[in-house]
1. So which of A:Val12, A:Val41 is away from chain B (no Cβ under 14 Å) and of a type in the set (Val, Ile, Thr)?
2. Checking A:Gly65 against (1) open to solvent by 20 Å² or more (accessible area, probe 1.4 Å); (2) not in a helix (DSSP H, G or I), which test does it fail?
3. If you go through the range B:196-244, how many residues are at pLDDT below 95, touching a strand residue (DSSP E or B) at 6+ places or on another chain (Cβ under 6 Å) and of a type in the set (A, V, I, L, M)?
4. Can you pull out the residues in the range B:3-23 that are at pLDDT 95 or above and in a loop (DSSP other than H, G, I, E, B)?
5. Under the condition of being open to solvent by 30 Å² or more (accessible area, probe 1.4 Å) and either of a type in the set (Gly, Ala, Ser) or in a loop (DSSP other than H, G, I, E, B) (or both), which residue from the range B:98-131 is farthest from the other protein chains (Cβ to nearest Cβ)?
6. Answer yes if at least one residue in the range A:51-58 is at the interface with another protein chain (Cβ under 8 Å from one of its Cβ atoms), over 28 Å from B:Ala96 (Cβ atoms) and modelled with pLDDT under 95, and no otherwise.
7. Residues in the range B:81-88: is at least one crowded, with 23+ Cβ neighbours inside 10 Å and at pLDDT 95 or above?
8. Which ones in the range A:196-208 are hydrophobic (A, V, I, L, M, F, W, C) and within 22 Å of the chain's Cα centre (by Cα)?
Number of protein chains: 2
Amino acid sequence: MTVLILTSEQDVTADMAVAKLHERGVPVMRLDPADIPGKAVLSADYAHGDFDGHLSANGHVLSMGGLRSVWVRRPGEPAAHAAHPTQWLTAETRQALYGMLYSASTRWMNHPRNADQARYKPWQLRIAHLSGFAVPPTVITTAPRVAQQFAQEYRDVVVKSASGPPPDDPELALPTTLIGPDADFSAVAAGPALLQRYIPKRADIRLTCVGPRLFAARKRAAPGQVDGRYGDTGYSWETTEVPDRIAKSGHEYLTLSGLAYAAFDFAEDEEGVWWFLECNQGGQFGFVELETGQPIAEAVALWLAQDRRAPEGRW
Amino acid sequence: MTVLILTSEQDVTADMAVAKLHERGVPVMRLDPADIPGKAVLSADYAHGDFDGHLSANGHVLSMGGLRSVWVRRPGEPAAHAAHPTQWLTAETRQALYGMLYSASTRWMNHPRNADQARYKPWQLRIAHLSGFAVPPTVITTAPRVAQQFAQEYRDVVVKSASGPPPDDPELALPTTLIGPDADFSAVAAGPALLQRYIPKRADIRLTCVGPRLFAARKRAAPGQVDGRYGDTGYSWETTEVPDRIAKSGHEYLTLSGLAYAAFDFAEDEEGVWWFLECNQGGQFGFVELETGQPIAEAVALWLAQDRRAPEGRW
């Protein structure tokens, strides 16, 4: 039974988990969907009333009946490395590859269907609330009046992007930004704005969930720091305990969202409350593991290595 | 409690269901996501430990607490009608709109998460088989040798696109095409090919499933006809009975795929067996209703009008 890892060639985080799988003698196939067709070959066979499929890459063959689990790490676009790439070739290859993998009875970290939904930030806030996390008051609106009322009610608010920075070249940094109630909100009518109550924080928290295993790391914040992703505060990530109610909420979030892996970001306020900021279903863990020594890659490997099958036709 | 229909302005099929909803006095909001921001305004509020949201369009306001159901018909791309459309504005608007709708406790026809997966043709074949439908032997491969062996085993095979015709301009028709075992299969290495045993058919069958209600229509095929979508055979759609085992399989398919609506295409062979060809989760029904008089729009309206709520946080 083989673990399939969908990722591009350069992926040190995947390397860490692959090393742990090798230690345990678990067969692994590493595949970049960009290499189909070409370096990798696929065949899915719905020919005898049943289903089987095969992937061949680097001289190895993986049968869908022997598929233990799939780790969707950083896969390339299907057919991106083809001799003559086109949009249509990508669409056909995506159908062939993922259609075959969806047909297999296997466990996913994470199933693309659940991953896609989990990327919706407003939905994350709702699921976080239903899971019992503390969620900072937030509004997403195209109505300038609503944005202004929100800023007047909460005074210190931050404005964020929901989808991430614009896909421009050169890349544009878009840090979370603090604004006051007197800002000009008229531009909200031209594009939805996400406003959130500013949480003055004494630390950033990263909670990494790997199936049932939780790892919490904490990094002290510089006074008045708004977005920890930019600038160096001199502090580093340190392991911290996972409070019981956070553990319960983390498990509930994974259940509601159908995820096997998730990386949560929280702001810890002066009273020690962890405020949910976001949940990244594909969040990196390499930097946390390197700074804290938390065995996250090993936990990923253990989850992928399990022998439990998914029920037939389910995900 | 209001029914929300996501579709573009020109949509006569939606008009048919809207008329039925009006007859029953069920409030309806019709919205094209392309009109946000601009003609339509949205606000989602995660501000008081709970969630509420509002959509305003054409002078009407719909609260998420008053959302009965969502029909995803033919929605435009979010922000497509904006004064200055960009990829990023579309991404932000998609997050705001669908993130808000996913946060609501409502029923979907069909939830985009399930619809996306249901578009994978190879997966359809697997789910069809698990549901008990007869599925023609099929292979999807990038290996010329596998394609050739398949053609030699089954002699008369058709080749199809999995993702649909290439998105070229002018549009390229890509009918299902009959090929023999002596064809040159070398090009399969450059892009996945879907080959299927040719089913000599005496009729095309369209099975439309609307929640638990099933409507079958039959159109006689011209001798030797391969793809019923092209050319006029002179025959028209007529209502036919839904065999019990087909009904059972139809219900099972909808359950396994999480769909509330689906349009199935079958080929009826000389022995009367219905062979599963594909299942279109967004398949048109207007033409079938017009030719057969089957009350499909009314069934859609009745499904959308139900008062049953979805469980909190589920879809």
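The values are calculated or read from the model by the stated rules, or taken from the named source; none is laboratory data. Fair warning: this is a prediction, and the values are worked out from it, not measured in the lab. Counting neighbours? That spans all protein chains shown, and the Cβs are built from the backbone with ideal geometry, glycine included. We work out accessible area using only protein heavy atoms, side chains counted, and drop any ligands, DNA or RNA first. Shrake-Rupley method; radii C 1.70, N 1.55, O 1.52, S 1.80 Å.
1. On the way: A:Val41 fails: away from chain B (no Cβ under 14 Å).
Just one listed residue meets the conditions, A:Val12.
2. (2)
3. Result for the range B:196-244: 3.
4. Within the range B:3-23, just B:Thr7 meets the criteria.
5. By that ranking, first place goes to B:Arg119.
6. The answer is yes; a qualifying residue exists.
7. For the range B:81-88, residues crowded, with 23+ Cβ neighbours inside 10 Å and at pLDDT 95 or above: absent.
8. Residues satisfying the conditions are A:Ala203, A:Ile205, A:Leu207.
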